[in-house]
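The block underneath contains the structure these notes are about, expressed in C-alpha cells.
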Amino acid sequence: MEMEVLNLTAVGPAGPAFAAQVGAEAGTNAFSCYQCGKCSAGCPLSYAMDYQPRQIMRLVQLGLKDEALKSSTIWLCASCATCTTRCPREVQIAAVMDTLRAMARREGYPYKERSVAAFHRAFLNGVASGGRAYELGMILGYKLSTFEMFKDIDLGLTWLRQGKLKLLPERIKGSASVRDIFEKVRKLEQEEVARQREGRPAAHEGMEGHS
Amino acid sequence: MRRVGVFVCWCGSNIAGTVDIEQVKAAAAKMPNVAYVEDNKYTCSEPGQAAIQKAIKEQKLDRVVVAACSPRMHENTFRRTVGGAGLNPYLLEIANIREHCSWVHPDKVAGTRKAVDLVRRAVYKVAKNVPLQRASIDVTKRALIIGGGIAGIQAALDIADAGQPVVVVEKTPSIGGHMAQLDKTFPTLDCSACILTPKMVDAAQNQNITLMTWSEVEKVDGYIGNFTVTIRKKARHVDTTKCTGCGICWSKCPAKVSSEFDLGIGKRKAIYVPFPQAIPNKPVIDEKNCIFFKTGKCKACQMFCPTGSISFDQKDELVEEKFGAIIVATGYEQWDPSPYGEYGYGRYKDVITGLEFERLVNASGPTEGKIKRPSDGKLPKDVVIIQCVGSRDEAKGIPYCSKTCCMYSAKHAILLEEKIHAHSYVFYMDVRTPGKGYEEFYKRATEEHHATYIRGRVSRVYQKGDKLVCLGEDTLLGKKVEVEADLVILASAMVHQNGASKLAQTLGISYDQNEFYTEAHAKLRPVETNTAGIFLAGACQGPKDIPETVAQAGAAASKVISLLSKPKLETEPLVAQVNEAICSGCLWCKPICPYKAIDGKVVKERIAGGKTIERPVAAVNASLCQGCGACTVACRTGAMNVLGFTNEHILAEVDALCL
Amino acid sequence: MKYAYYPGCSLHSTATEYDATTRTVCQTLGVELEEIPDWNCCGATSAHATNHLLSLALPARDLAKAEQMGLDVVAPCAACYNRMAQTIHETKDNEVLRGRVSAVIGADYEGTAKAKSLLEVLAADVGPKVVEAKVQKPLKGLRVAAYYGCLLVRPPAVTGWDDAENPQSMDKLMTALGAETVDWSHKTECCGASLTVSRTDIVLKLTRDILDAAKAAGADALVCACPMCQANLDGRQGAVEKTYKTNYHLPVFYFTQLMSLAFGIEPYKLGFARHSIDPRELLHTKEIA
Ligand SMILES: Cc1cc2nc3c(=O)[nH]c(=O)nc-3n(C[C@H](O)[C@H](O)[C@H](O)COP(=O)(O)OP(=O)(O)OC[C@H]3O[C@@H](n4cnc5c(N)ncnc54)[C@H](O)[C@@H]3O)c2cc1C
Ligand code: SF4
Ligand code: SF4
Ligand code: SF4
Ligand code: SF4
C-alpha cells in the first residue's frame, strides 16, 4: 500500500475549528479523546469499518474532514453506544458518528455505504408520508434504489406469510402534522447550510447537550 | 511624614519585559510619603538586598515597599533584609507585580498601569504599618507519626536517630503497611520483606520509638510545638507485656475468616497476627468474628495460652499525649475495580488486582509463592495485564496517573516469565518510567522476558470456557485484537486512604479533590502542610513508590528534627487581636474560626459611678491563630482586627486603588 | 399503576405477538395501559443518523401527547424507549432546545413525562415478587439466556436503570417464573438491528456471535425485550446457520410471552406460530406447553 504524507500545517487552524464544530454539534469535547482505542475494541462493527472509531476521533481532532466524512465507518456504526458507555474520557462517540452522518448528508458527500444511506432514506420516507414506519413499502423503496431486488427475498416472503409484514401502510390521522415536522426540519437545515456557506455565525444555541 | 523607600524589581525580563520600570518609578516618586525610589535587575540577589539596606541607612527610610514577585516567594527574605538594617521587619510591604501583573498581562501599557496601582496600594498601606513583635513559645520535644507504613517507619527511625522521642500510631495490628504485602520491588527486584523487616525490627527495638499499633488518633488540640492528641488504643484482648507470640492461640482458634492482609486470597483466625513477620508479633482478637464475642462460648485461646495473656474484658482505652510536631504517613489504598463491569472484577475469579497478584507471587503468601490462579489453582500460561485501571479514567472518577503501576506491571510481567514462563500481554496507553533505572527495567521486561506490550485500552473481558477473552485494539496497528488469557491482572489505581478526609478534619489540614493531603507549596514546601507543625510523608500526599516515599519521609523527619531542636519557637505576630473596649461579647467569631483559636473570657471593668461590672469578651489564642481573618469579617462591632491587616489598612488600600 | 402506552411501529407489524402478550401481562399484573392516541414513529436510528433535530422532534410529538394525558410513557421496544429517553435526557436542562423542538412539532413540549421500557416497569416497578405470586405454571427446567441488546441499558447516562455491562432485571423476572437463566457473555452485545436490511452480511455475523455464546452457555432458548433483536435472532437464525454451517435451533422469546405462559395463558394465544424457530417443540419436551 502506498503511504501518502499528510501535511498537517496545510490544514492549519481549520483543524481545531472542525473538531470544535463537531464537538459542539455532538454535545461532547472531541479534544478529550486520548486515543486509547477502548471504543474500537468494544465496537461490534469495527471489523467491517475502514477506519476504527478511534481513528475517526483522530481524523476529527486533526481536522481531516474529507477522510472522516467519506469513511464507511460513519455509516456502519449501528449506534449501539458501547463506545460512549466505556470511553474513559466521556467522549460521546456515538453522538459524534451521528453528527458526521448528518454533516456528510447535508454537505452532499458521496456515501461510502450507499445501501445504508438508502435504507435510512426509504425508512424516513415511509414515516414522513404516513406517520409510521411501513416495512413493506420501505423494503420495496429500498430495493428499487439499491437494485438489490433479490437479496433477502426468502425472509421477506416468510414474514409476509406469517403476517409479519402488512400489505398496506398504517396511516395515522395526524400524518399531516408529522409531514410538517419533516418540512420544518428540512427548512431549518437548508438555512443552516446556507449560513455555513456564507460563514455567518451559528444559530446553533440549544443544539449542544446532545449526549 | 513617613520616609518610604520603593524598590522596583526587573526580575530579569520577567517583569521588565511587560512592565515599563521607568514609568513605575516616576509614578512612585510622586506618591505620598515616598522619599526614595530605586530599581534593580534582581532585588532578591545579594547586591539587590544590600542596596535596600544601604538606602535605609543613607536615606533614613522608615518604611519599605518592594515591587517584585509574590510575597509567598520572598516576603520573608525581604523581612530579614530590612530587619538587618535595623528596621522592624513588619514595616515592609510587597507589591506583587509579577504573578499578579507582568505574567498575566501581555499588554505593556495596561500592565504598567496596573503595576503603578499595585505599588500605590502598597505605599498607602505601609504608611499605616506599625512595628510588630514575634512572641516565643515552648516546644514539646516529642513527635507523633500517624501511620506505620514504610513512610512512617523511616521517619520514625530518622527522628529517633537524632535523639528525639517519637510515637508511631498504626491502626492495624502491625506496622509495615503495603510494603509488607509486596513480593519483589522494582527496579532492582530485591525482596520487599528482606529490606523492610530489618527496619521494622529496628523501629521496635529503638529506645526512642514507641509503637502504638491497633490504635487510632481520635482528637488533636493545640498548635505547633504543643499539640495535645487523644489516641484510642483499641482493645486487643491480649496482654502484650505477657504474650510471647508463641502462636498456640491462633493455631487453636476455630474461627476462620478471610485475611485482609492477603486480600481475601488466604484465611486467618479470629485471633491473629496479620503476617508472620508482624511487629509486634502479638495477636489481636477480632471481636466481630470471634465466636466468644458472638455467642458467649469458646475461649479456646484463653484455655491454651501458656502465659495467661488473654482477657475478654479489655476495653478500648483513650490516652492523651503531648507532641511538638506531627507527621501524617497514612498511605494509600488500592482502588476496588468493581465499577468496571466490563472487566468483570468480582464476577470472574481470575480477574485480580495488582496487589492481589503480589500476594499470589509472594513466597510467604497464601499460595507460598505458587502463582495459582484463584478459580482452579492452575498455573496460568497467558496473562493479560491491563494498565491504568481506574487511573486516568474520568468516567470512573479518577483523573490522575497513579505513577507506580507502569513499573509494577513490568515487574509482574518479569516475575511471571521468570517464575513460571508465562507470557504476559500488557495493555497500556503510555508507559511512564521516568525514574532512575526505570526505563531500563521496562526494556528488560520486553527484551529479556518477552512481554508483549500492546498500546490500547481493553474494552471488555468475558469468560469463554476456562479462558478470559480480552478485547482490545492495537492502536499502533489500527486493528482489533483479542487475547485468550488464563489470568487477568488489573493495575488498579492508588487512591486515598479510607477516611483520609476525616483524619484531615481532625488534624485541621487540607486535602485535594482526590482526598490526598495537600502540601503547603507544590514545589517549595512539599512535605509541609498549611498547618504549622504538621508534615506529610509518603503516599498519603499522592501516589508514589518506595524510593520517593522514603525520600519524603526523610525530608519530613528533618523538618521535625529542626523544629524540635529549637529551644523556643517564634510565632508570627500577624494574628487576630480583640479590642476589648468595643467587643460586645457576642462571640460570633468563635464558631467561624477554623483553627479553634477564639474563646470567650470575662473582663472586669469599672463603669461610671465607680461600680465594677463583669463583661464577656472574645479572646484569641495567638499560638493557634493563623491570621486568616475570617473572624474580622464576622465581627459586627469592628472589635476584631488582624494585626498587619487591620480594617484601617484595608481601607487605605481601597483608597489607594479607587480614589 | 397506569401508563401511556407507546407500542411503536414494529408491534403493529412484525411483532404483534409482543403487543398482544404485553397487554395480557400488564392486565394480569394490574398495570393499566392507555395507548397514546394517533402516535407516530419514533424515527429510530434512521432519524438520528439523518438530522439531530428530527430525531428529537419525532419522539417529542408522542411525549407531548403523553404529557397531555398526564401519564408517563411505557415502550416495549428497546429502540423506541431509547429514542424517547434520549429526547428527554437532551432537552431536560436545555430550555432553548426544548423551545426549538416545540416549534418544530407545533405543540408545547415541556419534558414532564418520563419514558420507561416495559422491562423496567415489570422488573423494577412491579417487581419479581409480585410476578412470582401470579405464576400458575412455573417454567421448570427451561434454561434461557436473557438478551438485553444495546439500546435498553446504554448509554447509562440516558438509561441508567440497570447495569450496563451485566444487567440482571430480565434474569430476575425469568427466575421468578421458575426458569433458569445462564450467566453468559453476550447479554448486551449489539445485533446490528439498524443494518439488518442494508448490510445483512454484518448482521449475520453479529447474530452468529450472540447465538454461539448463548449455545456455549448451555441455553435452551433466548429471551429478549425488543422486536428488532427478536427479528434478527429468530428471523435470521436460519440464514446464519446456512452461512456459517452451524446449528443452533434456539427459539427466541419475548419475555412477555414467557410471562404469559407462566401466568397460565393458553400457548396458542401467544403467537408462537409466527416464530421462525418454532418454540413449541422445546416447550413440549420440557413439559411446559
Ligand atoms: C501492586 C503494587 C505494587 C507495588 N510495587 C512496588 C514496587 O515494586 N516498588 C516500589 O517502590 N513501590 C511499589 N508500590 C508502591 C508502594 O506500595 C508504596 O510506595 C508504599 O507502600 C507507600 O508507603 P506509605 O508508607 O506511604 O503507605 P502505606 O504502605 O499505605 O502505609 C500506610 C500505613 O498507615 C496506616 N494508616 C492508615 N490510616 C491510618 C490512620 N488513620 N491511623 C493510623 N494508621 C493509619 C496503614 O494501616 C498503613 O500501615 C507498589 C504498589 C502497588 C499497589
Ligand atoms: S474510548 Fe474515548 S478516549 Fe479512547 S479512543 Fe475512543 S473516544 Fe478516544
Ligand atoms: S455506537 Fe457505533 S461506533 Fe460506537 S460501538 Fe456502537 S457501532 Fe461502534
Ligand atoms: S475465643 Fe474467639 S479468638 Fe479465642 S479461640 Fe475462640 S473464636 Fe478464636
Ligand atoms: S503509572 Fe502507568 S499504568 Fe499507572 S496510571 Fe500512570 S500511565 Fe497508567
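The values are calculated or read from the model by the stated rules, or taken from the named source; none is laboratory data. Everything quoted here is computed from the prediction, not taken from an experiment. Using ideal geometry, Cβ is built from the backbone for each residue, glycine included, and neighbour counts are taken over all protein chains shown. Protein only, heavy atoms only, side chains kept; ligands, DNA and RNA dropped before computing areas. Shrake-Rupley method; radii C 1.70, N 1.55, O 1.52, S 1.80 Å.
Quick check: anything in region A:31-38 open to solvent by less than 20 Å² (accessible area, probe 1.4 Å), within 13 Å of ligand 3 (Cβ to nearest atom) and either among the β-branched types (Val, Ile, Thr) or assigned to a helix (DSSP H, G or I) (or both)? Yes, some residue in region A:31-38 is open to solvent by less than 20 Å² (accessible area, probe 1.4 Å), within 13 Å of ligand 3 (Cβ to nearest atom) and either among the β-branched types (Val, Ile, Thr) or assigned to a helix (DSSP H, G or I) (or both).
For C:Met228, the conditions (1) open to solvent by 20 Å² or more (accessible area, probe 1.4 Å); (2) more than 14 Å from chain A (Cβ to nearest Cβ); (3) of a type outside the set (S, T, N, Q) all hold with the exception of (2).
Has region C:44-56 got any residue that is closer than 22 Å to C:Leu177 by Cβ and either under 18 Å from the mean Cα position of the chain (by Cα) or within 14 Å of another protein chain (Cβ to nearest Cβ) (or both)? No, region C:44-56 contains no residue that is closer than 22 Å to C:Leu177 by Cβ and either under 18 Å from the mean Cα position of the chain (by Cα) or within 14 Å of another protein chain (Cβ to nearest Cβ) (or both).
Within region B:313-350, being within 27 Å of B:Ile231 (Cα to Cα) and surrounded by fewer than 22 Cβ atoms within 10 Å (Cβ to Cβ) holds for B:Asp313, B:Gln314, B:Lys315, B:Asp316, B:Glu317, B:Leu318, B:Val319, B:Glu320, B:Glu321, B:Lys322, B:Glu333.
Among the residues of region A:65-107, what is the count of those that are on the phi < 0 side of the Ramachandran plot and either within 16 Å of ligand 4 (Cβ to nearest atom) or not aliphatic (A, V, I, L, M) (or both)? Lay out the reasoning, then the answer.
Taking region A:65-107 and keeping what is on the phi < 0 side of the Ramachandran plot, we get A:65-78, A:80, A:82-89, A:91-107.
Of the ones still in play, those that are also either within 16 Å of ligand 4 (Cβ to nearest atom) or not aliphatic (A, V, I, L, M) (or both) are A:65-67, A:70-73, A:75, A:77, A:80, A:82-89, A:92, A:98-99, A:101, A:105-107.
The qualifying residues number 25.
Of everything in region B:545-562, what is among the β-branched types (Val, Ile, Thr) and open to solvent by 20 Å² or more (accessible area, probe 1.4 Å)? Give them in sequence order. If you could, list the steps in order and put the result at the bottom.
We begin by selecting, within region B:545-562, every residue among the β-branched types (Val, Ile, Thr); these are B:546, B:549-550, B:560-561.
B:Ile546, B:Val550, B:Ile561 - these are the residues of region B:545-562 that are among the β-branched types (Val, Ile, Thr) and open to solvent by 20 Å² or more (accessible area, probe 1.4 Å).
Screening C:Cys41 with (1) over 27 Å from C:Asn232 (Cβ atoms); (2) part of a loop (DSSP other than H, G, I, E, B) gives one miss only, at (1). What about C:Val73, is it at pLDDT below 95, of a type in the set (Val, Ile, Thr) and assigned by TED's automatic domain parsing to the domain that holds C:Thr22? Answer is no for this residue. Within region B:504-526, the residues that satisfy the criterion of being touching a helix residue (DSSP H, G or I) at 6+ places or on another chain (Cβ under 9 Å) and open to solvent by less than 30 Å² (accessible area, probe 1.4 Å) are B:Ile509, B:Phe516, B:Tyr517. Pick from region B:377-433 the residues that are hydroxyl-bearing (Ser, Thr, Tyr) and touching a residue at least 60 places away in the same chain (Cβ under 8 Å): which of them is farthest from ligand 1 (Cβ to nearest atom)? So the residue we want is B:Tyr425. Out of B:Glu484, B:Glu515, B:Glu519, B:Glu528, which single residue is away from ligand 2 (no atom under 16 Å from the Cβ), within 14 Å of another protein chain (Cβ to nearest Cβ) and of a type in the set (Asp, Glu)? Going through B:Glu484, B:Glu515, B:Glu519, B:Glu528 in turn, just one is away from ligand 2 (no atom under 16 Å from the Cβ), within 14 Å of another protein chain (Cβ to nearest Cβ) and of a type in the set (Asp, Glu): B:Glu484. Summed over region C:57-107, residues that are surrounded by fewer than 24 Cβ atoms within 10 Å (Cβ to Cβ), of a type in the set (Gly, Ala, Ser), more than 8 Å from chain A (Cβ to nearest Cβ) and not in a helix (DSSP H, G or I) total 2.
Considering only residues that are open to solvent by 10 Å² or more (accessible area, probe 1.4 Å) and in contact (Cβ under 8 Å) with a residue 40 or more places away in the chain, which ones fall in region B:110-124?
Within region B:110-124, the subset open to solvent by 10 Å² or more (accessible area, probe 1.4 Å) is B:110, B:113-114, B:116-118, B:120-121, B:124.
Residues satisfying the conditions are B:Val116, B:Asp117, B:Leu118, B:Arg120, B:Arg121, B:Tyr124.
For region B:638-653, the set of residues classified as loosely packed, with under 13 Cβ neighbours inside 10 Å and either of a type outside the set (D, E, K, R) or at positive phi (or both) consists of B:Gly638 only. Within region B:356-370, being touching a helix residue (DSSP H, G or I) at 6+ places or on another chain (Cβ under 7 Å) and surrounded by 20 or more Cβ atoms within 10 Å (Cβ to Cβ) holds for B:Phe357, B:Glu358, B:Arg359, B:Val361, B:Gly365, B:Pro366. Residues that are open to solvent by less than 60 Å² (accessible area, probe 1.4 Å), closer than 15 Å to C:Tyr254 by Cα and within 20 Å of the chain's Cα centre (by Cα) within region C:127-155 comprise C:Val144, C:Ala145, C:Ala146, C:Tyr147, C:Tyr148, C:Gly149, C:Leu152, listed in sequence order. If you scan region B:297-312, which residues turn out to be of a type outside the set (A, V, I, L, M, F, W, C), surrounded by fewer than 21 Cβ atoms within 10 Å (Cβ to Cβ) and in a loop (DSSP other than H, G, I, E, B)? If the condition is that a residue be of a type outside the set (A, V, I, L, M, F, W, C), surrounded by fewer than 21 Cβ atoms within 10 Å (Cβ to Cβ) and in a loop (DSSP other than H, G, I, E, B), then B:Lys297, B:Lys299, B:Pro306, B:Thr307, B:Gly308, B:Ser311 are the ones that fit.
Examine region B:132-153 for a residue that is open to solvent by less than 20 Å² (accessible area, probe 1.4 Å), modelled with pLDDT of 95 or more and of a type in the set (S, T, N, Q), and state whether such a residue exists. No, the conditions are met nowhere in region B:132-153.
Taken together, the criteria place C:Lys2 among residues that are out of contact with any Cys (no Cβ under 6 Å at 6 or more places or on another chain), more than 12 Å from chain A (Cβ to nearest Cβ) and among the charged types (D, E, K, R). The strands (runs of 3 or more DSSP E) falling completely within region B:211-296 that include 2 or more residues that are open to solvent by less than 60 Å² (accessible area, probe 1.4 Å) and within 16 Å of ligand 1 (Cβ to nearest atom) map to B:215-223, B:226-233.
Looking only at residues of region A:194-206 that are more than 7 Å from every other protein chain (Cβ to nearest Cβ) and surrounded by 12 or more Cβ atoms within 10 Å (Cβ to Cβ), we find that the one that is modelled with the highest pLDDT is A:Arg195. The residue of region A:39-58 that is least open to solvent (accessible area, probe 1.4 Å), among those that are more than 12 Å from ligand 2 (Cβ to nearest atom) and not in a loop (DSSP other than H, G, I, E, B), is A:Ala48. Taking the numbered list (1) open to solvent by 10 Å² or more (accessible area, probe 1.4 Å); (2) β-branched (Val, Ile, Thr); (3) within 14 Å of chain B (Cβ to nearest Cβ) in turn, C:Ile210 passes all entries but (1).
What helices (runs of 4 or more DSSP H), lying completely within region A:61-114, carry at least 1 residues that are open to solvent by 40 Å² or more (accessible area, probe 1.4 Å) and under 24 Å from C:Thr200 (Cα atoms)?
Numbers: elements: A:65-69, A:73-76, A:82-86, A:93-106.
Helices (runs of 4 or more DSSP H) meeting the threshold: A:93-106.
When B:Ala270, B:Ala204, B:Ala235 are checked against the criterion of being at pLDDT 95 or above and farther than 30 Å from B:Arg142 by Cβ, B:Ala270 stands alone in meeting it.
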